[in-house]
Amino acid sequence: MSPRPGRCLVIGYEGVEPPAELFAFAGRHGLGGVILFARNCPDAPTVARAVASLRVGLAGADPGGSPLVLVDQEGGRVERLRHGVPRLPSARELGARGEAALAAAVTAQARALAALGIDGNLAPVCDVVQPEESGAIGDRSFGADPGAVARLAVAHLRATRAGGLLACAKHFPGHGAARVDSHRELPRVDKDLLAFEALDLVPFRAAVAAGVPLVMAAHVLCPAVAPRPATLAPEWLRGVLRERLGFGGLVLSDDLEMGALAELGAPGAVAVEAVNAGCDLLIYGRMLEPGLALAEVAHALGAGVSGARLAEAEARRQALGGAP
């Protein structure tokens with residue numbers, strides 16, 4: 001049986017109850033995961049019920065798929081669940097408290113999220129913030145010193161693992177020098193690979209060495225390294241992340257519905273480019289409704305990505321197994 005292209009997709013949905021359309025999509029195409037947003041997370045008991053419903057419904061719709069349930073729960077201004085789990089301050093403030101305090105807080109948060117059935121937290125942010133940065137990262141970063149960011153990011157991912165969750169290093173290869181917010185438009189960073197190696201890649205190299213299971217690719221264009229944004233660039237995902245840094249885990253895209261990619265092609269074509277470049281899972285936060293565009297993405301992946309590549313991506317996701 002050929003790999004199901006929908007298993008390369010992580011999708012969001014509206015409301016607190018998983019909709020029938022989500023299960024129908026998984027039944028037709030397969031599904032790699034679900035991402036929860038604030039709109040899905042009014043409180044912890046509701047999330048626990050929704051995740052349990054997701055598990056049952058998706059097991060019936062896509063047997064053997066074992067999709068991941070993911071959330072952005074960085075702390076500070078990026079927290080999807082604000083009632084019923086330990087709250088964290090921004091990375092900047094948390095890092096200033098020291099590694100021991102950070103580890104205790106992150107472990108407690110991870111245990112609470114894992115108890116709800118969530119598999120992974122899309123953190124820590126490994127971006128090294130730089131003076132020209134737009135503010136999209138800002139205090140979500142541990143700071144401006146690459147060594148300190150690396151040290152704190154590793155402490156964070158180890159604490160996440162200790163709490164029973166998958167951690168995700170983001171936003172590779174670094175959003176810390178981007179002058180615009182990739183939610184709105186495509187940032188261009190005019191640095192060569194040596195400059196990235198000396199600064200932005202330091203925390204990612206440390207996270208990979210510490211065994212981080214997930215890395216999120218950023219929609220950042222670095223013309224000196226690749227002609228396409230990192231999410232769509234094999235030069236970054238295969239050449240740097242896998243070959244130079246030695247990452248063997250799963251590469252997750254940032255949300256492909258962000259404004260940075262709006263002018264780069266039809267959704268299906270961009271999805272094919274991302275998977276062929278090296279992304280194993282693609283996030284779509286809102287495209288389930290009305291569902292047509294997401295179905296087109298699944299069909300495009302089936303036609304434009306080899307069975308071997310789909311199987312490779314599937315194997316990496318299955319290897320995670322929802323365990324840290």
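The values are calculated or read from the model by the stated rules, or taken from the named source; none is laboratory data. Treat the numbers as computed from the prediction; the structure is a model and nothing was measured. Every residue, glycine among them, receives a Cβ derived from its backbone with ideal geometry; neighbour counts consider all protein chains shown. Note: areas computed on protein heavy atoms with side chains; ligands, DNA, RNA excluded. Shrake-Rupley method; radii C 1.70, N 1.55, O 1.52, S 1.80 Å.
Given contacts defined as C-alpha pairs under 8 Å and at least six residues apart, what's the relative contact order of the range 1-134, whole-number percent? Result for the range 1-134 is 24 percent.
Placing pseudo-labels 7 Å out from each Cα toward the beta carbon at S134 and E296 gives an inter-label distance of 2.5 nm. Got a sec? Which residues in the range 4-31 would a label at A311 touch, if it sits 7 Å along Cα→Cβ and we count backbone N under 12 Å? Residues passing the 12 Å test: 4.
The length gained on full extension between A24 and R55, counted as 0.36 nm times the residue separation minus their Cα-Cα distance, comes to 9.8 nm.
Quantify, in whole percent, the carbon and sulfur part of the accessible surface of the chain (1.4 Å probe; protein heavy atoms only).
Of the solvent-accessible surface of the chain, carbon and sulfur hold 56 percent.
Near A20, once Lys and Arg are set to +1 and Asp and Glu to -1 for all other residues with Cβ below 14 Å from its Cβ, the sum equals -3.
For a paramagnetic label modelled on R238 (point 7 Å from Cα along Cα→Cβ), amide N atoms under 15 Å away belong, within the range 194-228, to 226-228. Residues in the range 1-135 average 37 Å² of solvent-accessible surface per residue, probe 1.4 Å, ligands and nucleic acids excluded. Assuming R0 = 56 Å, can you tell me the calculated FRET efficiency for the pair V16 and D192, based on Cβ-Cβ distance, to the nearest 0.05? Calculated transfer efficiency: 0.75. Between the range 1-59 and the range 201-274, the C-alpha centres lie 24 angstrom from each other. You can think of it this way: the chain between A96 and H183 has 28.6 nm of extra reach, that is 0.36 nm per residue less the Cα-Cα gap. Of the residues A110, S134, L292, the one whose Cα sits farthest towards the positive end of the charge dipole of the chain is A110 (charges of +1 on Lys and Arg Cβ, -1 on Asp and Glu Cβ, taken about the Cα centre).
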